[in-house]
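Engineer: Before anything else, here's the structure in question.
The values are calculated or read from the model by the stated rules, or taken from the named source; none is laboratory data. All values derive from a computational prediction rather than experimental measurement. All Cβ positions, glycine included, derive from the backbone under ideal geometry; neighbour counts span all protein chains shown. What goes into the accessible areas is simple: the full protein's heavy atoms, side chains included, and nothing from ligands, DNA or RNA. Shrake-Rupley method; radii C 1.70, N 1.55, O 1.52, S 1.80 Å.
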Amino acid sequence: MYQSPRRLCSALLHRDAPGLRRPPGPGPRRLTSPPAVGPRPASPGLLAAASGAARSCSRTVCSMGNGTSRLYSALAKTLNSSAASQHAEYLVSPDPEHLEPIDPKELLEECRAVLHTRPPRYQRDFVDLRTDCPSSHPPVRVMQWNILAQALGEGKDNFVQCPVEALKWEERKCLILEEILAYQPDILCLQEVDHYFDTFQPLLSRLGYQGTFFPKPWSPCLDVEHNNGPDGCALFFLQNRFKLVHSANIRLTAMTLKTNQVAIAQTLECKESGRQFCIAVTHLKARTGWEQFRSAQGCDLLQNLQNITQGAKLPLIVCGDFNAEPTEEVYKHFASSSLNLNSAYKLLSADGQSEPPYTTWKIRTSGECRHTLDYIWYSKHALSVRSALDLLTEEQIGPNRLPSFNYPSDHLSLVCDFSFNEEPDGLL
Ligand SMILES: NC(=O)C1=CN([C@@H]2O[C@H](COP(=O)(O)OP(=O)(O)OC[C@H]3O[C@@H](n4cnc5c(N)ncnc54)[C@H](OP(=O)(O)O)[C@@H]3O)[C@@H](O)[C@H]2O)C=CC1
Ligand SMILES: [Mg+2]
């Protein structure tokens, strides 16, 4: 169903309004999703120029094995370098002296214009999971997403059914931004970010987010020719909703050895309610054969979170690409931790006990890879999940799987609305 960009944007900006109605019947309730998107509009005038300018944006080139300091100085140059800024409002590299707020509607329209030749975004609905506990404060919307590092997607991942044109950064970044703008999270937890300084930090800061980036010490992106720097985890929160109380960048250890995987953990205070909580993002070691290693990394992260939450005194949300199915030891450590965590996406299942059948689905040279690896853990006594964004169906994902012209990453975004329980029973 086609919606004009303006109607769409106003629906997006009022996400608790008409679309989010509870349908009748038992079990999880599907909500009409506000970000339903029809065919993309053709881009006239200025918007067409934005598309062309975005394509002409310069790319930072760093050869294999360069040190991170050289990478960062190269990245810093791109912040100033684009002649294309004469043509496009937001999608080009920003001038750091000129960081005015962006109207999300205008950025969304720019993105949609760049993407006008692509098929429409997939429809995903929020499922109402509200318990009977009322909450007087607006929910906290959290998005978890491994966005696929550009260098890995083009140089390492071997997505055999994904056309190279679908991976072009100047368009793929618009698909990523469109997804973020569609759901408007209050907190955004990302993995495989290798365009933090030239794309996400400048744009999202102008949308009102405060961001933190922690790159992997030896990012595999650096092995890819024409890379844009190391990939890592990024955490963004809306400054008008939260105050940063404490922030920790954690290099995970396994059996006391420092590893290549990282996490960010921040304590935030809700400006409306005064309640404090901890939010963390991580990306654990990938691949089969590394199960014990992931388990050790998970134990280290849990230990760090025990300390940061003062022994579970603060409510906690942990987002991540754990690279582990629910059968793995690291998953079991999180599920049975004294931090009293539950995995939010289990609540989409009929019995509330099963994880979704997949959060990533791709075809590599080794064959089809369909796995549940991404999770949003939360303190089950202190927080309630009010709704969760449903996953894409197999039909929507299509026979060539992900990424694709419609969807920018091989991992699906997970989005949940949380509310604080009014009277925590002391057992967070
Ligand atoms: N220069 C040096 O001294 C050192 C360099 N390194 C570099 O680090 C790299 C390893 O880093 P590490 O953090 O352990 O990486 P991981 O094994 O955790 O994987 C890195 C990325 O590869 C993706 N991936 C997973 N499975 C596959 C697959 N089958 N094919 C292609 N990509 C896949 C993962 O994506 P997802 O999470 O989505 O599955 C992940 O983002 C080495 O390749 C090396 O380049 C490491 C140590 C030292
Ligand atoms: Mg990956």
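Engineer: When you check Leu268 against the structure, is it aliphatic (A, V, I, L, M), part of a helix (DSSP H, G or I), touching a residue at least 12 places away in the same chain (Cβ under 8 Å) and surrounded by 24 or more Cβ atoms within 10 Å (Cβ to Cβ), yes or no?
Structural biologist: On the way: aliphatic (A, V, I, L, M): yes; part of a helix (DSSP H, G or I): no; touching a residue at least 12 places away in the same chain (Cβ under 8 Å): yes; surrounded by 24 or more Cβ atoms within 10 Å (Cβ to Cβ): yes.
When the stated conditions are applied, Leu268 does not pass them.
Engineer: Might you check whether a residue that is under 28 Å from Asp300 (Cβ atoms), within 16 Å of ligand 2 (Cβ to nearest atom) and at pLDDT 95 or above occurs anywhere in region 336-358?
Structural biologist: Yes, region 336-358 contains at least one residue that is under 28 Å from Asp300 (Cβ atoms), within 16 Å of ligand 2 (Cβ to nearest atom) and at pLDDT 95 or above.
Engineer: Ok, one more. Being in a loop (DSSP other than H, G, I, E, B) and open to solvent by less than 20 Å² (accessible area, probe 1.4 Å) is the filter; apply it to region 366-377 and report the residue that is farthest from ligand 2 (Cβ to nearest atom).
Structural biologist: Taking the candidates together, the pick is Thr372.
Engineer: Next question, about the same structure. Find the strands (runs of 3 or more DSSP E) located wholly in region 91-197 whose residues include 3 or more that are away from ligand 1 (no atom under 16 Å from the Cβ), and list them.
Structural biologist: 126-128, 140-146
Engineer: Also, quick follow-up: Go through (1) within 16 Å of ligand 1 (Cβ to nearest atom); (2) free of Cβ contacts under 8 Å to residues at least 60 places away in the same chain one by one and return the number of the condition Asp374 breaks.
Structural biologist: (2)
Engineer: Since His137 meets every condition but one in (1) more than 16 Å from ligand 2 (Cβ to nearest atom); (2) touching a strand residue (DSSP E or B) at 6+ places or on another chain (Cβ under 8 Å); (3) at pLDDT 95 or above, which condition does it not meet?
Structural biologist: Among (1) more than 16 Å from ligand 2 (Cβ to nearest atom); (2) touching a strand residue (DSSP E or B) at 6+ places or on another chain (Cβ under 8 Å); (3) at pLDDT 95 or above, the lone unmet condition for His137 is (3).
Engineer: May I pose another question? For region 230-256, which residues satisfy the criterion of being within 16 Å of ligand 1 (Cβ to nearest atom) and over 29 Å from Gly153 (Cβ atoms)?
Structural biologist: Once the filter is applied, which keeps residues that are within 16 Å of ligand 1 (Cβ to nearest atom) and over 29 Å from Gly153 (Cβ atoms), region 230-256 yields only Met255.
Engineer: In region 171-201, which residue that is open to solvent by 10 Å² or more (accessible area, probe 1.4 Å) and within 14 Å of Phe237 (Cα to Cα) is farthest from ligand 2 (Cβ to nearest atom)?
Structural biologist: Going through the qualifying residues, I end up with Gln184.
Engineer: Can you tell me which residue is nearest to Ala286 (Cα to Cα) among those in region 149-170 that are open to solvent by 20 Å² or more (accessible area, probe 1.4 Å) and away from ligand 2 (no atom under 13 Å from the Cβ)?
Structural biologist: Val160
Engineer: Same structure again: Looking only at region 280-316, how many residues end up being among the polar types (S, T, N, Q), within 16 Å of ligand 1 (Cβ to nearest atom) and part of a helix (DSSP H, G or I)?
Structural biologist: 3
Engineer: Out of (1) under 20 Å from His283 (Cβ atoms); (2) in contact (Cβ under 8 Å) with a residue 60 or more places away in the chain; (3) within 16 Å of ligand 1 (Cβ to nearest atom), what's the single condition that is false for Ile363?
Structural biologist: (1)
Engineer: In region 126-148, how many residues are open to solvent by 20 Å² or more (accessible area, probe 1.4 Å) and touching a Leu at 6+ places or on another chain (Cβ under 6 Å)?
Structural biologist: Final tally of qualifying residues: 1.
Engineer: If a residue has to be more than 25 Å from Arg251 (Cβ to Cβ) and among the acidic types (Asp, Glu) to count, how many in region 172-215 make the cut?
Structural biologist: Residues that pass the stated criteria total 3.
Engineer: Would you check which residues across region 208-243 are more than 16 Å from ligand 2 (Cβ to nearest atom), touching a helix residue (DSSP H, G or I) at 6+ places or on another chain (Cβ under 6 Å), open to solvent by 10 Å² or more (accessible area, probe 1.4 Å) and not small (Gly, Ala, Ser) and list them?
Structural biologist: Scanning region 208-243 gives a single hit, Phe213.
Engineer: While we're here: Looking at Gly274 and the list (1) modelled with pLDDT of 95 or more; (2) within 16 Å of ligand 1 (Cβ to nearest atom), which single condition is not satisfied?
Structural biologist: (2)
Engineer: Here's something else I'd like to know. Filter region 322-365 for residues that are hydroxyl-bearing (Ser, Thr, Tyr), open to solvent by 40 Å² or more (accessible area, probe 1.4 Å) and under 23 Å from the mean Cα position of the chain (by Cα) and give the result.
Structural biologist: Ser354
Engineer: Name the single residue that is farthest from Gln210 (Cα to Cα) among those in region 244-261 being buried (at least 16 other Cβ atoms within 10 Å of the Cβ) and not hydroxyl-bearing (Ser, Thr, Tyr).
Structural biologist: Ala254
Engineer: OK, next. Is there a residue being surrounded by fewer than 20 Cβ atoms within 10 Å (Cβ to Cβ), of a type in the set (Ser, Thr, Tyr) and either in a strand (DSSP E or B) or under 22 Å from the mean Cα position of the chain (by Cα) (or both) anywhere in region 379-391?
Structural biologist: No: zero hits.
Engineer: Can you tell which of Val164, Val224, Val193 is over 25 Å from Pro104 (Cβ atoms) and free of Cβ contacts under 8 Å to residues at least 60 places away in the same chain?
Structural biologist: Only one candidate passes the filter, namely Val164.
Engineer: Can you say whether Lys362 is among the basic types (Lys, Arg), at pLDDT 95 or above, in contact with a strand residue (DSSP E or B) (Cβ under 7 Å, 6 or more places away or on another chain) and not in a helix (DSSP H, G or I), as far as the supplied structure shows?
Structural biologist: yes
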